[in-house]
1. Using a probe of 1.4 angstrom, how much of the accessible area of the stretch 5-78 is carbon and sulfur, in percent?
2. For Ala20 and Ser45 in one chain, what is 0.36 nm times their gap in residues minus the Cα-Cα distance, to one decimal in nm?
3. Nearest 0.05, what FRET efficiency do Ala75 and Lys38 give at R0 = 22 Å with Cβ-Cβ as r?
4. Name the lysines eligible as straight-distance cross-link partners of Lys48: C-alpha to C-alpha under 19 Å, and not fewer than 8 places from it in the same chain.
5. For the peptides 66-79, 43-56, what is the packing order when you average, over each peptide's residues, the other Cβ atoms within 10 Å and list the highest mean first?
Amino acid sequence: MSDLSPPRQALRLPADCSIAAIRAVCDLIRDAFRRHEKLEIDCSSVDKADVTSIQLLLSTAKTGRAEGRKVVLTAFSQALRKTMRRAGFTSDEMIEHHFH
């Protein structure tokens, strides 16, 4: 039995997702979101993150839900997890709930 749904496309976030680089990160995500029906965002390379990173990822996930499109965030780096905890996401389960 074959799966006829379009494959999910992966976008790897750059190492710097801090406020200094967030415009470029936003442009990367926006471009990928326009080109693909399903989007997987690989967060494994993120070394610098702050609250702007979290806001962008939450907005991306929320937009995907509102448009009925699949957006999945995967492979959270330790730097990104630490930033998320400082932003109020107290556990991995909470992170997975908001970003999957």
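The values are calculated or read from the model by the stated rules, or taken from the named source; none is laboratory data. The structure displayed is predicted, hence computed values, not measured ones. Backbone-built Cβ (ideal geometry, glycine too); neighbour counts: all protein chains shown. Areas reflect the complete protein model, heavy atoms only, side chains present, ligands, DNA and RNA absent. Shrake-Rupley method; radii C 1.70, N 1.55, O 1.52, S 1.80 Å.
1. Details: 2150 of 4100 Å².
Exposed carbon and sulfur together represent 53 percent of the surface.
2. Numbers: separation 25, 0.36 × 25 = 9.00 nm, distance 1.65 nm.
Taking Ala20 through Ser45 to full extension adds about 7.3 nm, to one decimal.
3. Details: r = 17 Å, r/R0 = 0.76.
Efficiency computed from Cβ-Cβ geometry: 0.85.
4. Of all the lysines, those that pass the test against Lys48 - Cα under 19 Å, at least 8 places apart if same chain - are Lys82.
5. Values: 66-79: 14.9, 43-56: 18.4.
Order by mean packing, descending: 43-56, 66-79.
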